[in-house]
Amino acid sequence: MSDDAMTGVPRTLLTPADLYEFTWVNDPQIAPDGTRAAYVVTRPERKGKKNTSEVWVVAVTCPGGPDAGDGTLPKARRFTAGPRDRAPRWSPDGKWLAFVSDRGGGAQIWVMRTAGGEAMQLTRLKGGVAGEPVWSPDSTRIAFTRRVAEGGEEAGGEQSTAGGAEGGAGEARSDVKSFTRLHYKENGRGLWDGKYAHVFVTSLDGAEPRQVTFGEFDDGIPAWSPNGQWLAFAANRSADPDRTPVSDVWIVPVAGGEPRKVTRSLGPVAQPAWSPDGEWIAYYGHENQYRGATEGHLWVVPAAGDGAAAPRDLLAGWDAGVGSGTGGDMMSATMPGPMWTPDGKALLFSGNRRGASDLYRVDLREQKDGAPSAIEQLTSGKHALYGCSMTADRSRMVAAVGTQTNPGDIYCYQFDPTGRHCPTSKPRRLTDINAWLRGRLVADCDEFTCVGPDGGEIHGWIMPPAEREPGRKYPLVLEIHGGPHSAYGYGFFLEFQVLAARGYGVVFCNPAGSTGYGQQFAALTKHDWGGRDYRDVMAAVDYAAALDWVDANRLGLTGGSYGGYLTNWIIGQTKRFAAAVTCRSTSNRYSQFGTSDIGYYNGEFEYKGNPWDEADFYLEHSPIAYVNNMETPVLFIHSENDLRCPMEQAEQLYTALRWLGRPAELVRFPDENHELSRSGQPIHRVERLERMAGWFDKYLR
């Protein structure tokens with residue numbers, strides 16, 4: 001226990017059970033007049049299996065404006081009753097707030113008058129809605145997506161598309177499932193139910209929602225054209241969508257008709273946004289130059305195009321990517337798509353760079369001599385923006401912002417009329433959601449860079465033990481992120497904090513393959529899993545182990561997903577670690593190809609080809625091939641419903657280790673998928689942290 005240096009109030013150490021004390025905020029949405037913001041507040045049920053969520057509204061007072069206030073936090077109020085409400089969206093005229101709620105069964109769209117009153121259910125659809133409500137420019141209609149069986153609800157759906165058939169009266173329905181498509185399962189969703197996501201439109205007058213898109217394809221969240229006559233959406237409508245990692249921007253008449261493709265079918269695209277004059281569509285995406293290792297960029301394409309015109313890459317030569325990109329186990333990113341300035345001369349977008357997520361502005365004017373467009377960073381700091389929205393004139397923004405010591409709060413930013421940041425103003429904090437954390441001893445991080453054995457820079461952070469005493473040596477745990485094309489950064493990790501509270505130092509870095517450091521760095525894992533990436537994380541360990549407070553003889557390591565793969569790999573290459581915890585990992589890259597929901601994409605870039613053609617290569621890069629070398633005590637934590645890194649991957653390596661008499665334990669979490677550590681059942685998330693810390697306590701203390 002320690003005292004706060006400023007207040008003298010005793011502070012206690014964080015524990016896994018403190019998960020129940022946290023409140024999370026995300027998806028902030030500013031009202032059209034800029035005076036209020038709606039956001040989602042989520043809390044875990046104490047020792048329960050679910051989270052509750054409601055929509056809250058807070059007054060927006062921005063720095064440098066006439067309503068800047070006296071510096072105190074504005075009062076927030078609960079706007080919806082829950083128990084699970086999400087995706088609040090203001091109508092453009094400011095009179096309504098739409099949201100998605102499961103009250104009454106199934107996720108349906110509800111609306112409330114912003115002046116007050118009762119919530120009104122807008123949809124009553126079997127199976128509910130997907131995605132978020134999207135208002136038309138005139139505030140009279142809402143577009144959304146819904147999963148339906150092609151040919152109508154009765155023609156397919158859950159009962160018959162899986163191969164079951166209903167017999168005559170009194171006969172039992174078959175529970176047998178059969179599939180012919182490649183992508184027949186998906187982590188978090190389970191086995192394919194025969195349904196596809198399509199665009200629907202409903203209106204405030206209570207009319208029956210009308211389906212706008214059709215076909216055996218999944219269509220993304222739509223965007224309205226400024227005149228309200230068209231909807232743009234992203235979709236893979238190729239001849240074989242399961243086999244082709246390509247999607248396009250499509251537009252379809254709201255009144256109905258065939259969609260028209262406006263991009264060139266070269267790579268994945270997402271989040272289309274119309275220019276104010278309706279002439280252009282901006283979107284995030286890439287053209288598969290490095291397949292799944294390609295950094296996403298910001299593009300524009302003529303809305304009147306037919307898919308033949310080359311889109312323009314506004315971020316050519318930029319050394320980072322788009323999107324939030326920064327990991328954390330206590331936040332859910334809801335970053336918006338590209339946002340046009342009112343004059344249509346620039347776009348605002350979210351970018352991930354060296355562990356920080358920020359807002360940027362890019363000018364659409366052509367630069368001389370083929371130079372890239374001018375890019376300006378609008379926000380800065382050691383933080384992660386993981387959700388934001390702006391007024392239509394781009395003068396105000398509300399954002400969910402997290403740091404390594406705070407899971408996240410809502411902030412307001414002031415901009416000038418051209419969408420540029422006002423340099424004299426700082427963001428104003430609007431919420432203090434987890435004020436109770438001031439009563440806990442929260443560990444901070446020291447940023448570092450070091451040079452790896454391959455000569456490249458390694459960027460990372462070291463979190464010392466929460467109660468470090470001078471002259472004392474402490475054990476150190478290496479944490480490895482998933483991906484490999486993701487990144488650690490300035491997000492909050494309760495997992496790290498729990499280890500620091502138990503007396504461990506934590507080192508984490510962004511090795512080769514991580515995003516936010518340029519395209520070439522992200523592509524370094526090509527045909528080299530367990531190579532440069534392994535050497536990079538070990539160089540970070542060398543750097544941290546040389547600190548005067550680290551006991552280099554008491555090292556542990558852990559990671560999840562790809563980080564679990566690299567954990568398994570490391571214990572087969574070195575005996576330097578005294579304990580390991582491998583989470584949602586893979587061990588046999590040959591079998592993972594066919595058992596994972598996306599494993600068959602490995603051979604397109606990361607690996608040399610199909611496993612039956614490159615069996616030696618797959619085996620050489622599989623941790624299980626080095627099981628004879630593994631002596632490190634290892635704890636396997638795996639979810640039984642994980643379809644990304646299936647349970648059999650943990651079972652193979654665990655069984656081999658136990659057969660060899662090596663110290664290993666397998667912990668299986670029922671009713672959980674690949675997202676256990678981030679969005680699993682609260683009671684399971686707490687137990688996972690307890691078991692991790694307990695394993696390190698057993699072998700490192």
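Listing for the model above:
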quantity	calculated
Segment K75-E21, extension gain: residue separation times 0.36 nm, minus the distance between their alpha carbons	17.3 nm
Estimated FRET transfer efficiency (T140, R668; beta-carbon r; R0 51 Å; 0.05)	0.50
Computed helical MRE - 222 nm, the chain, DSSP H runs ≥ 4 contributing -39500 (n - 2.57), nearest 500	-3500 deg cm²/dmol
Virtual spin-label span in nm between Q229 and N553, 7 Å along Cα→Cβ	7.9 nm
Heavy-atom accessible surface of the stretch 438-504: percent carbon and sulfur, 1.4 Å	43 percent
Kirkwood estimate for the chain, i.e. one over the average of 1/r between Cα atoms, Å	26.7 Å
Beta bridges per DSSP with both ends in the chain, % antiparallel, nearest 5	80 percent
Stretchable slack from D102 to R678, in nm (0.36 nm times residue separation minus alpha-carbon distance)	205.2 nm
Accessible area of the chain divided out per residue, in Å², using a probe of 1.4 angstrom	40 Å²
Low-density loop cleavage sites - chymotrypsin sites (Phe, Trp or Tyr not before Pro) in the stretch 602-701, where at most 13 other Cβ are within 10 Å (DSSP)	W612
Leading residue at positive end of dipole, the stretch 14-147 (Cβ point charges), from L125, T114, S139	L125
Using alpha carbons only: equivalent-ellipsoid semi-axes of the stretch 161-300, gyration tensor based, whole Å	32, 23, 11
In Hz, Karplus ³J(HN,Hα) per residue of the stretch 236-247 (6.51, -1.76, 1.60; θ = phi - 60°; x = Gly, Pro)	9, 10, 6, 5, 9, x, 5, 9, 10, x, 9, 9
Carbon plus sulfur fraction of accessible area for the stretch 193-320, probe 1.4 Å, in percent	52 percent
Separation of the E118 and E150 label points, Cα + 7 Å toward Cβ, nm	4.3 nm
Within straight-line cross-link reach of K345, lysines at Cα separation under 18 Å, skipping those fewer than 8 residues along the same chain	K368
Extension gain (nm, one decimal) between R260 and E366, 0.36 nm per residue minus Cα-Cα	35.4 nm
Distance violations [Cα-Cα > 23 Å] among K177/K608; K75/K382; K49/K698; K575/K698; K473/K698	K177/K608; K75/K382; K49/K698
Per-pair calculated FRET efficiency, R0 = 22 Å: D33 and D277 via Cβ, rounded to 0.05	0.40
Range of Cα positions in the stretch 516-564 per principal axis (Å), largest first	36, 21, 18
Total formal charge among the other residues, if their Cβ is under 10 angstrom from that of H286, Lys/Arg +1 and Asp/Glu -1	-2
Rounded FRET efficiency, nearest 0.05, which uses the C-beta distance separating R243 from R312 and R0 of 30 Å	0.60
Hypothetical label at A546: residues of the stretch 449-476 whose amide nitrogen lies under 16 Å (7 Å Cα-Cβ projection)	449-462
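The values are calculated or read from the model by the stated rules, or taken from the named source; none is laboratory data. Source: prediction; values computed, not measured. When we count neighbours, we look across all protein chains shown, and the Cβ atoms used for this are built from the backbone with ideal geometry, even at glycine. We work out accessible area using only protein heavy atoms, side chains counted, and drop any ligands, DNA or RNA first. Shrake-Rupley method; radii C 1.70, N 1.55, O 1.52, S 1.80 Å.
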